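> Dropping a structure here in structure tokens format, bear with me for questions.
The values are calculated or read from the model by the stated rules, or taken from the named source; none is laboratory data. Since this is a predicted model, take the numbers as computed values, not measurements. Cβ: placed from backbone, ideal geometry, glycine included. Neighbour counts: every protein chain shown. Protein only, heavy atoms only, side chains kept; ligands, DNA and RNA dropped before computing areas. Shrake-Rupley method; radii C 1.70, N 1.55, O 1.52, S 1.80 Å.
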Amino acid sequence: MRLGAESLQKAASGETFTRFHAEAGIAAEHAFAPSFSQTRWKEIADLYAMLDRIAPSPLNAMNRAVAIAQWQGPEAGLVLLKAIEPPQWLLGYYLWDAVLGELHRRAGQNEEARRYIERALASAPTDAEQELLRRRLDSLESL
């Protein structure tokens, strides 16, 4: 871990901030967090905002919304996602639907959550992801 931190510090030197610096910073925040609950979500959200300025992508905005939801609550993440005009290819991407479903689920918006999670489940590529999405749907059934 120490060697990785030293390498990251060396790589971060220089006068030009690139997408690789932002991506490394995001990875470092996750790697060095003492626990999930102690993750510095504001810093991750800020790094995704920087990354999106350097390399604009709706996936960067989606990931930023996830970080914001962890930091400020699911409603805050949903506000950001609703402000995005997603390209057609993203509307068919299972993680887009999974994120929307999960944030609606956490916000107590069960019908919206169900709709998005069912769409994500229909196109999730692995058994493990399908099982996770089924458990999310089951949690809505028990409410």
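Okay, residues lined up against (1) basic (Lys, Arg); (2) surrounded by fewer than 19 Cβ atoms within 10 Å (Cβ to Cβ); (3) closer than 30 Å to Arg2 by Cα:
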residue: His30; (1), (2), (3): no, yes, yes
residue: Arg40; (1), (2), (3): yes, yes, yes
residue: Gly77; (1), (2), (3): no, no, no
residue: Val99; (1), (2), (3): no, no, no
residue: Arg105; (1), (2), (3): yes, no, no
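> Additional query: When the residues of region 39-62 are filtered to those that are out of contact with any Asp or Glu (no Cβ under 7 Å at 6 or more places or on another chain), outside any helix (DSSP H, G or I) and not polar (S, T, N, Q), which remaining residue is nearest to Pro74 (Cα to Cα)?
It comes out as Pro56.
> Among the residues of region 29-36, are any among the hydroxyl-bearing types (Ser, Thr, Tyr), out of contact with any helix residue (DSSP H, G or I) (no Cβ under 9 Å at 6 or more places or on another chain), outside any helix (DSSP H, G or I) and at pLDDT 95 or above?
Within region 29-36, one or more residues are among the hydroxyl-bearing types (Ser, Thr, Tyr), out of contact with any helix residue (DSSP H, G or I) (no Cβ under 9 Å at 6 or more places or on another chain), outside any helix (DSSP H, G or I) and at pLDDT 95 or above.
> Suppose we keep only residues that are in contact with a helix residue (DSSP H, G or I) (Cβ under 7 Å, 6 or more places away or on another chain) and more than 24 Å from Ser37 (Cα to Cα) within region 79-91. Which one would you say is surrounded by the fewest Cβ atoms within 10 Å (Cβ to Cβ)? Talk me through it step by step, then tell me what you get.
We begin by selecting, within region 79-91, every residue in contact with a helix residue (DSSP H, G or I) (Cβ under 7 Å, 6 or more places away or on another chain); these are 80-81, 84, 86-87, 90.
The next check asks that each one be more than 24 Å from Ser37 (Cα to Cα); those that pass are 84, 86-87, 90.
Working: Ile84: 14, Pro86: 15, Pro87: 11, Leu90: 17.
Top of the filtered list is Pro87.
> Right, here's the next one. Pairs please, first residue from region 119-133 and free of Cβ contacts under 8 Å to residues at least 40 places away in the same chain and farther than 15 Å from Leu90 by Cβ, second anywhere and part of a helix (DSSP H, G or I) and β-branched (Val, Ile, Thr), Cβ atoms under 7 Å, 6+ apart in sequence or on different chains.
Leu133/Ile117
> How many residues, within region 108-143, are of a type in the set (S, T, N, Q) and open to solvent by 90 Å² or more (accessible area, probe 1.4 Å)?
Residues meeting the conditions: 1.
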